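See structure below.
The values are calculated or read from the model by the stated rules, or taken from the named source; none is laboratory data. Quick caveat: nothing in here was measured; it's all calculated off a predicted structure. Remember, those area values only see protein heavy atoms, side chains included, never the ligands or the DNA or RNA. Shrake-Rupley method; radii C 1.70, N 1.55, O 1.52, S 1.80 Å.
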Amino acid sequence: MMVMRWLRRRSANDPGPVPSFRQQCEERVRALGLPEGELTLQALCAHIGACLGRTVHLVPLPLPAGSPDGMWISAEGSDFIAFEARLAPVHQRQVILHELGHLVCDHEAAPVMSPEATRLLMPSLDPGLVQRVLGREHAHSPAEREAEFVGSLLGRRIGTWTPQRTWQVPPEAAELAARLSALESPAHRSGEEKAQ
């Protein structure tokens, strides 16, 4: 996260005028040093991961009803962007870019997963290992607006979207995908209906 910390120090020590919201977001994207030309979404994830010294995995899932369309799950050494597999491809792209915006902006996440939920979804991981989960905050919060704008700027650098009917879940995320998918299982839904 060296790039993001540099931006913060520079902003804090710069005696000049305070940059506008737009300028701050554009500077964050410029600081990534993205290669020239159009990138694929996967190449963008790889580049951002390399800048952060982490691996960024895209995880398509049928998410439970009422959940956000995407979420960023950060674990030791890796970041997972889970997104709703049933969305239209253009919407999937924007969700992924939004979550990447949170990574680029080095946002701190409000913990939204209890240790019990972490154990349910990832029993092989120590709940302390899962550092944060970033879901949707209030849509008008500064962090959400910044992530959306940075995601839009990143979107300008990727090639034309080509619909991909299936996404491969990376082996590192297979267990997570299976557990999140189980939340949408018919047995789970019928239990929710009885509870209502």
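Just the protein heavy atoms count here, and of the accessible area of segment 43-111 at 1.4 Å, carbon and sulfur take up 59 percent. Remark: segment 40-52, residue by residue, has Karplus-estimated 3J(HN,Hα) of 7, 4, 5, 5, 4, 4, 5, 5, 4, x, 5, 4, 8 Hz, where x stands for each Gly or Pro and the curve is 6.51 cos²θ - 1.76 cosθ + 1.60 at θ = phi - 60°. 3J(HN,Hα) along segment 54-62, derived from phi through the Karplus expression 6.51 cos²θ - 1.76 cosθ + 1.60 where θ = phi - 60°, amounts to 9, 9, 10, 10, 9, 10, x, 9, x Hz, with x in place of Gly and Pro.
Shown in residue order for segment 95-103 are the 3J(HN,Hα) couplings computed by the Karplus curve 6.51 cos²θ - 1.76 cosθ + 1.60 at θ = phi - 60°: 4, 4, 4, 4, 5, 4, x, 4, 5 Hz (x for Gly and Pro). Please report the base-10 log of the normalised intensity I(q)/I(0) for segment 23-89, using a Debye sum with one equal scatterer per alpha carbon and no solvent, at each q in 0.24, 0.26 (1/Å). Cα-only, vacuum Debye calculation for segment 23-89: -1.09, -1.13.
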